[in-house]
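Student: The following block contains the structure, expressed as structure tokens.
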Amino acid sequence: MIFSTATAVSHPNIAFIKYWGNTDDALRLPQNGSISMNLAELTTRTMVTFDSSLPRDIFDLNGVRQSGPSLERVSQHLNLIRGIRGFSVPAHILSESNFPVGAGLASSAAAFAALTVAAVRTAGMEMSEKDLSRLARRGSGSAARSIPPGYVEWLPGSSDIDSYAVSIAPPEHWPLTDCIAIVEDAHKKTGSSEGHLLARTSPLQSARVADAGRRIDLCRNAIQKKDFDLLSQLIELDSNLLHAVAFTSNPPITYWLPQTLVLMQAVKDWRRAGIPCAFTIDAGPNVHVICESSATSIVKERLGAIPGVSEVLTSGAGGGTVLI
Ligand code: PMV
């Protein structure tokens, strides 16, 4: 039976060990494994309705009807799901997020995780968490990590079959907070899909990838043992490695703004002064400050007082993608 409509809610995730570069771009098979935390307070809610009276797919994102690449990417992902089920009925996709889209807040992760879970259900299929993660990965690599709950590791694998994410600890295992200092919420200029393609042009990418297994093992341990000092060193190193690759790609990509560097320096100073916090930065200028939950209010207050920071979003560790 084909359900007419289904809605899923998903959360973006912040990567502690980051995904940057593919071994297979079409299948989005990553060059290295990655580890992230889902963000409870940031949500994307997506409703998918298959409707044979529609001439083509319709995609409304935060109340704005989409066209061009944004619609095409969603349609392409739905084609995969329609292909598995063996039908070609157009869909109406209605998606709402409560956070700025496209500013290094991994909006595509929550978007494709929610789209996958809602569309699979609407198409009348049941899938395991592993298969939903594999499928979400095809829409956006990091979406694979928004399917399972809490702290999540994406096993890179070597084929479509064995590249998926698993939970390594539930959200309540370690109450960390991500304080996100927004310095710009415009749409990013170089999307991550383009960044992944350019990664291989940097002479630093092979060194970053060669050392990734070591960082993954240490990060998994840091989470399991709740070792914040180790986690701090690792996430700042891993973020710097990604941006070193971006800076040295051809053409180079600069995601940071002057304010990004000011924030990085401030976070290091605060940590030296005893506040358990560390930075990590995705494909945008905004700075994610990961802290122990006891430090959330002081970190939020200090970030908000830095000139150029327009807003500070906060979130604890969250669950996976669920149908509602
Ligand atoms: O899933 P994508 O293609 O948007 O790539 C995500 C890239 C980073 O956010 C920079 C890193 C990561 O692992 O989330």
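The values are calculated or read from the model by the stated rules, or taken from the named source; none is laboratory data. None of these values were measured; they are calculated from a predicted model. Heads up, the Cβs are rebuilt from the backbone with ideal geometry, glycines too, and the neighbour counts pull from every protein chain shown. Side chains are part of the model used for accessible areas, which takes the heavy atoms of the whole protein and leaves out ligands, DNA and RNA. Shrake-Rupley method; radii C 1.70, N 1.55, O 1.52, S 1.80 Å.
Student: Calculate for the chain the 222 nm mean residue ellipticity that helices alone would give, adding -39,500 (n - 2.57) per DSSP H run of length 4 or more and normalising by residue count, nearest 500 deg cm²/dmol.
Tutor: Details: 9 runs with 117 residues, N = 324.
The helix-only estimate for the chain comes to -11500 deg cm²/dmol at 222 nm.
Student: For Ala169, which sequence-distant residues (separation of 5 or more, or a different chain) have an amide H within less than 5 Å of its own amide H, given hydrogens modelled in the peptide plane?
Tutor: Tyr151
Student: Here's something else I'd like to know. Net charge near Glu129, counting Lys/Arg +1 and Asp/Glu -1 over other residues with Cβ under 14 Å of its Cβ?
Tutor: Numbers: positive: Arg121, Lys130, Arg134, Arg137, Arg145; negative: Glu126, Asp131, Glu153.
Around Glu129, the charge tally is +2.
Student: For the range 36-92 and the range 156-173, what is the separation of their Cα centres, given in Å?
Tutor: 24 Å
Student: Using a/c under 1.5 as the rounded threshold, could you call the range 54-175 rounded, prolate or oblate? The axes a ≥ b ≥ c are square roots of the C-alpha gyration tensor eigenvalues, and prolate needs a/b larger than b/c, oblate otherwise.
Tutor: It comes out oblate by the Cα gyration axes.
Student: To continue, here is another question. Starting from the alpha-carbon convex hull of the chain, give the projected area averaged over all orientations, in nm². List each step's numbers first, then the result.
Tutor: Numbers: hull surface 61.5 nm².
Seen from a random direction, the Cα hull of the chain projects 15.4 nm² on average.
Student: In addition: Report in % the part of the accessible area of the chain that belongs to carbon and sulfur, leaving out ligands and nucleic acids; probe 1.4 Å.
Tutor: Working: 7020 of 12850 Å².
Heavy-atom surface of the chain belonging to carbon and sulfur, 1.4 Å probe: 55 percent.
Student: Roughly how big is the chain's charge dipole about its Cα centre, with Cβ charges of +1 (Lys, Arg) and -1 (Asp, Glu), in debye to the nearest 20? Present the calculation step by step, with values, prior to reporting the outcome.
Tutor: On the way: 28 positive and 30 negative charges, 64 e Å.
Approximately 300 debye in magnitude.
Student: When a/c is below 1.5 the answer is rounded, else prolate if a/b is larger than b/c, else oblate, so apply that to the range 173-316 with a ≥ b ≥ c taken from the square roots of the Cα gyration tensor eigenvalues. Intermediate results must be reported in sequence, preceding the final value.
Tutor: Details: a/c = 2.14, a/b = 1.22, b/c = 1.75.
Oblate, since a/c reaches 1.5 and b/c is not below a/b.
Student: Now for a separate question. If we sort 272-285, 75-88, 145-158, 307-320 on the protection proxy, mean other Cβ atoms within 10 Å, highest first, what's the order?
Tutor: Working: 272-285: 20.2, 75-88: 15.4, 145-158: 23.9, 307-320: 18.2.
The densest-packed peptide leads the list: 145-158, 272-285, 307-320, 75-88.
Student: Further, regarding this structure: For a Förster distance of 25 Å, can you work out the FRET efficiency between the beta-carbons of Asn62 and Ser310, rounded to the nearest 0.05? If you can, show how the numbers build up before the last one.
Tutor: Details: r = 18 Å, r/R0 = 0.73.
Result of the calculation: an efficiency of 0.85.
Student: How do the peptides 110-116, 256-262 rank, highest first, by the average count of neighbouring beta carbon atoms within 10 Å per residue? Please report the intermediate quantities before stating the final value.
Tutor: Details: 110-116: 32.0, 256-262: 16.3.
Ranked from most to least packed, the peptides come out as 110-116, 256-262.
Student: With a 1.4 Å probe and all protein chains left in place, how much accessible area per residue does the range 55-211 have, in Å²? Working shown, then result.
Tutor: Numbers: 6260 Å² over 157 residues.
Here the per-residue accessible area is 40 Å².
Student: Then there's this: Tell me the net charge near Trp154. Cut-off is 14 Å between Cβ atoms, Trp154 excluded, with +1 for each Lys or Arg and -1 for each Asp or Glu.
Tutor: On the way: positive: Lys18, Arg28, Lys130, Arg134, Arg137, Arg138, Arg145, Arg215, Arg220; negative: Glu129, Glu153, Asp160, Asp162, Asp238.
That sum, taken over residues with Cβ under 14 Å, equals +4.
Student: Ok, one more. Asp269 label point, 7 Å along Cα→Cβ, cut-off 12 Å on backbone N: hits in the range 291-318?
Tutor: The answer is 303, 306-307.
Student: List the residue ranges in the chain for DSSP H helices whose C-alpha atoms run 27 angstrom or more along the long axis and whose Kyte-Doolittle average is -1.0 or above.
Tutor: Working: long enough: 228-247 (28 Å, 0.92).
Helices meeting the span and hydropathy rule in the chain are 228-247.
Student: What do you get for Rg/Rh of the range 7-85 when both radii come from the Cα atoms and Rh is the Kirkwood radius? Working shown, then result.
Tutor: Working: Rg = 15.6 Å, Rh = 15.3 Å.
Here Rg/Rh amounts to 1.02.
Student: In the chain, what cysteines have no partner Cβ closer than 4.7 Å?
Tutor: Cys179, Cys219
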